[in-house]
1. Report the residue, chosen from B:Glu106, B:Glu202, B:Glu172, that carries the largest GNM mean-square fluctuation when chain B is represented by alpha-carbon nodes joined by springs under 10 Å.
2. Using a label point 7 angstrom from Cα along Cα-to-C-beta, what distances in nm, from shortest up, separate A:Tyr28 from the other copies?
3. Need one number: nm distance between label points at A:Ser118 and A:Phe95, each 7 Å from Cα along Cα→Cβ, rounded to one decimal.
4. Tell me, what is the per residue accessible area of the protein assembly as shown in Å², probe radius 1.4 Å?
5. Size of the dipole of the protein assembly as shown about the Cα centre, Lys and Arg at +1 and Asp and Glu at -1 on the beta carbon, nothing else charged, in debye to 20?
6. What helices does chain B hold that run 30 Å or longer along their axis, going by alpha-carbon atoms, with a Kyte-Doolittle average of 0.0 or more, using DSSP H for the helix calls?
7. Could you work out the Kirkwood radius for chain B, taking every pair of different alpha carbons, averaging 1/r and inverting it, reported in Å?
8. May I ask you to give the average projected area over all directions of the convex hull of the Cα atoms of segment A:118-217, in nm² rounded to one decimal?
There are 2 protein chains.
Amino acid sequence: MVQKSKKPPVTKIDAPVPPKRRGRPRAYQPDVALGKALDLFRKDGFAATSLDDLSAATGMNRPSLYGAFGDKRELFIKSYRRYREDARVAMGGIFRDELPIRRRLERIYAVALDIYLSGESGPRGCFTVMTAASEAVHDPDIRAMVLEGFTELDKAFAACFRLAKEKGELSENADPVVLAQLASATIHTIAIRARAGMPRKELDAIVNGALDVMLRA
Amino acid sequence: MVQKSKKPPVTKIDAPVPPKRRGRPRAYQPDVALGKALDLFRKDGFAATSLDDLSAATGMNRPSLYGAFGDKRELFIKSYRRYREDARVAMGGIFRDELPIRRRLERIYAVALDIYLSGESGPRGCFTVMTAASEAVHDPDIRAMVLEGFTELDKAFAACFRLAKEKGELSENADPVVLAQLASATIHTIAIRARAGMPRKELDAIVNGALDVMLRA
DNA sequence: ACTTTTTTGTACCATTTCGCAAAAAATTCC
DNA sequence: GGAATTTTTTGCGAAATGGTACAAAAAAGT
């Protein structure tokens, strides 16, 4: 076996052209299936979601699910990763925006609330918070991912405040790290309260009050 | 039978003397059994806790469990009520204490962290938050209880800040309601992060930073 | 001693759940 | 057209789950 001709060298990582796979073609698109799985997990949580539910939601039958994503736990982990990616693309732009700090934060919370309040059968909250509240205690891998999610948010907020301070939008003795933790705390509280059914108006009010204090009138 | 001698008139509502029940005596104490059930629910959540688990933990077999507390959902609800009562007695005194505001809040958070970090197999977090993250979406009764839990905490904090303001410990333009929501947010964030495995030191630091900002250095 | 009352303990049932094996189907390669 | 390859489909099976029926047990009343 001098030359390995097994795979044609994939220069373009995901070409829009189907790469002519060998056997029977898939009846599903992994991306959309994973999205459906994520929706279900967000709605019901890990324990209350059965493989049959997932099978029905994705349109894949159980063996296909298994072949594509592994067992239930692996599918959950992949769903969670997908959630984080989605959140990053939804947020990423705003964090790097050049708006004044108050506007920037308002936008961030608006997008967050869009995510938390979405869902056909009731608001779904923040998947990171949900996972922390359930699986994180018993599964070290999941716990690590969740912790990483928290610190990622903390850091993003901290960078936000640091930038604002450099631009003179905050007082000299403002501590970006502390403010970031408060900003995260506000994210967490609205995520939880959203899932408990609190209407958007009240959540917006909480955000506004928190911003008043953090940005120190 | 001129005088009704069926029951001796129970003037004292719960005498420490066992009231001579009629049939076979219970092999368990409902209070401690409910406590064990609460421990389990807090550890694993509703869906991941089976009746067999509960049976093993309480020492009662399933039919007895059913007879004493109703089905799984009812047992969960009773466990949650118990949690709230426990939390109230643990907190109640401090909220009404006459300490300076900073000290008072420090104590509150210390007690809260004691509750959230307790647990033989990992920190158990706040049961209200956990329940909001899971069952609250699908069960209106549970959702109502959880929402009530949130507003109860908000109100307690608000009273706290109102008192401090009256005593001149806060600036004139401080808004007790807004500060209370931030104080609740801080409770929520440490509850979640505790369950995600964040060590107490870091949680204490978050509390301290939050107090700095709320009490306006 | 016998009846009544209440709880326990054993056993059972219908359903759900996760996982997998084996056959059938759809496609490419030769 | 036939072999090779990959996926789908069907269906099985062992275990767990929530709930209940029923007899045995343990106490008080008579």
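The values are calculated or read from the model by the stated rules, or taken from the named source; none is laboratory data. Please read these numbers as outputs of a predicted model, since none were measured by experiment. Every residue, glycine among them, receives a Cβ derived from its backbone with ideal geometry; neighbour counts consider all protein chains shown. Please note that ligands, DNA and RNA were not included when accessible areas were found on the heavy atoms of the full protein model with its side chains. Shrake-Rupley method; radii C 1.70, N 1.55, O 1.52, S 1.80 Å.
1. It is B:Glu172.
2. A:Tyr28 label point versus its equivalents elsewhere: 4.0 nm.
3. So the label points at A:Ser118 and A:Phe95 sit 1.8 nm apart.
4. 55 Å²
5. Working: 72 positive and 56 negative charges, 286 e Å.
Charge dipole of the protein assembly as shown: 1380 debye, to the nearest 20.
6. Those that pass (Cα extent of 30 Å or more, hydropathy at least 0.0) are B:140-166.
7. About 19.8 Å, per the Kirkwood formula over Cα pairs.
8. 7.4 nm²
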